[in-house]
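A.B. asks: What follows is a single structure, and I will ask about it in a moment.
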Amino acid sequence: MAGTFDLGTAGTQDINTILASEANRIGSDVHKNTLHTSPWIDLIKKETFPDQMGYNLTTLVYNNALPTTGAGNDVLSQGSNLWIDAGDNASGNSFGTNTNTAGPSTGQNLADASASTKGPQDNKGHINFAKELKRYNLVRAVIESPKIDVQDLRFAAHRTEQLRAVMDVLTESSRYVWEERYRDEFDKLCDNYVACREGAGDASRLTTGREGQTSLALMDDSEAVDTTDGTYTAGGQTDTDLPEANISNALMDDIYFKLVRAGAGTKAYGRENGRPVFGLVCSSEVSRQLQIEDSIRDDVRYNNARVSDLIAPLGVEKSFRGYYHLIDDLAPRFELTSVADGTGSSDTLKRVYPYTISSGVVTPNPKYDSAPVELAYVIHEDVFASQIPAPLTGGNGLSFNPVNYKGDFKWLNIPDAVTNPDGTIGFFRGVMASASKPIKPKFGYAIAIQRNSTTACNGL
């Protein structure tokens, strides 16, 4: 954090003022320190949650539509079903010189030319609009720091450094909460789930229409997990929603073609040689696995194609086979854990977080490195938008302190007759709120990987 605190012989009130002013700086510091550090924070679309419309909203989504041969049917209108001759090709171009009898009058190149309805009797294609309403709602989170006694701070050693450290911790906490929020919401809202599978004729499992269901819910089938050796085993599974193979470029190619045909290329994160380039959010290990895969290694070379302005600040210098690899080294991972099932015990998948906390101390979690199952995501800006309420200051003669729902921290010193009679004890408080508005969930993919497997999965 830039700047220093010159407290000198400041009293309690001065320290309160400094704490409050520094809290006002946290908003910009959060933005500055988190920008270009996480694809989830940088690339998720941001909007303002509308006022005076309640906590629960709906959005209208129009799906793709193509002409059909009739209203309400599913037969595509194409070729001879749609295109017809404008006149009689067997005759000349002048009226009254042909034998066209398609209409009520003869002698006209165009059927119905002399009827009450003008124009030819065309073969018509019918556009049937497919639309649906999607519901979403506002949620909030609150983060508070420990209580700080400014009297103690006044006489504390190295108080400048301590205050700076407090601000850094708050900044990092805010960043982590938002990153987890966006990742979890994308996982829940993306419409496609892929479990990497292996074996001849056993294509990877694709589940569509899963919007609203998490990847863990699909994978978590304890009866299908083979744990004869006490660890996650690739073979012997009956549930195809569980991954048993590592990721492959064949799989990513199949997903790429599905995205292009679904229309996702119009808002891709970049283009190279006229082809869209999509975003793959994955760990460093998954990115490396794709780039060193047998027979693919020659494709790993620098190219001078321009990276989009949205992607370049994340440190991405090139694409790979139609994707920008956007590194998320906190990607969700899962391990087996024993649970009681009424008949004894069984094993089920459980989220393993990168860190553990003991007595307030955060340390790396060794189980995260060994967790066998990992998720990667094909990200697209139109999957959903995060709507954050704007600060409200009051109206109609009422005024109150505005709340910034992006997680900006405020220094609060609340007097209390018992616990804080002198007004010397305060704390930092940050309020976050957002609603995840679904737009085109069909453009999002969650990919479950058996990261310990040496076998690359088959395509879809």
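A.B. asks: So, of the residues in region 351-387 that are part of a strand (DSSP E or B) and modelled with pLDDT under 90, which turns out to be nearest to residue 173 (Cα to Cα)?
C.D. replies: Filtering region 351-387 for residues that are part of a strand (DSSP E or B) and modelled with pLDDT under 90, the one nearest to residue 173 (Cα to Cα) comes out as 362.
A.B. asks: Considering region 250-266 alone, what residues qualify as being touching a residue at least 40 places away in the same chain (Cβ under 8 Å), part of a helix (DSSP H, G or I) and either surrounded by fewer than 22 Cβ atoms within 10 Å (Cβ to Cβ) or under 18 Å from the mean Cα position of the chain (by Cα) (or both)?
C.D. replies: Answer for region 250-266, where residues must be touching a residue at least 40 places away in the same chain (Cβ under 8 Å), part of a helix (DSSP H, G or I) and either surrounded by fewer than 22 Cβ atoms within 10 Å (Cβ to Cβ) or under 18 Å from the mean Cα position of the chain (by Cα) (or both): 250, 252, 253, 254, 255, 256, 258, 259, 262, 264.
A.B. asks: Which one of 43, 57 is modelled with pLDDT of 70 or more, under 30 Å from residue 128 (Cα atoms) and in the same structural domain as residue 267 (by TED's automatic domain parsing)?
C.D. replies: Sole residue among the options that is modelled with pLDDT of 70 or more, under 30 Å from residue 128 (Cα atoms) and in the same structural domain as residue 267 (by TED's automatic domain parsing): 57.
A.B. asks: Among the numbered conditions (1) more than 26 Å from residue 41 (Cβ to Cβ); (2) surrounded by 13 or more Cβ atoms within 10 Å (Cβ to Cβ); (3) modelled with pLDDT of 75 or more, tell me where residue 209 comes up short.
C.D. replies: (2)
A.B. asks: Would you point out the residue of region 407-428, among those that are surrounded by 16 or more Cβ atoms within 10 Å (Cβ to Cβ) and of a type in the set (D, E, K, R), that is nearest to residue 171 (Cα to Cα)?
C.D. replies: If we take residues in region 407-428 being surrounded by 16 or more Cβ atoms within 10 Å (Cβ to Cβ) and of a type in the set (D, E, K, R), then 408 is nearest to residue 171 (Cα to Cα).
A.B. asks: Further, regarding this structure: Looking at this structure, is residue 402 out of contact with any strand residue (DSSP E or B) (no Cβ under 9 Å at 6 or more places or on another chain) and either at pLDDT below 90 or among the hydrophobic types (A, V, I, L, M, F, W, C) (or both)?
C.D. replies: Against the criterion (out of contact with any strand residue (DSSP E or B) (no Cβ under 9 Å at 6 or more places or on another chain) and either at pLDDT below 90 or among the hydrophobic types (A, V, I, L, M, F, W, C) (or both)), residue 402 does not qualify.
A.B. asks: Moving to a separate point now. Across region 280-329, which residue is modelled with the lowest pLDDT among those that are charged (D, E, K, R), closer than 14 Å to residue 250 by Cα and part of a helix (DSSP H, G or I)?
C.D. replies: Residue satisfying both the conditions and the ranking: 299.
A.B. asks: Out of curiosity, is residue 410 outside any strand (DSSP E or B) and not acidic (Asp, Glu)?
C.D. replies: So residue 410 does not fit the description; no.
A.B. asks: Looking at region 130-178, which of the residues that are of a type in the set (Phe, Trp, Tyr) and modelled with pLDDT of 75 or more is nearest to the chain's Cα centre (by Cα)?
C.D. replies: That would be 178.
The values are calculated or read from the model by the stated rules, or taken from the named source; none is laboratory data. It should be emphasised that the depicted structure is a prediction, and the values quoted were computed from it without experimental measurement. We place every Cβ from the backbone using ideal geometry, glycine too, and count neighbours over all the protein chains shown.
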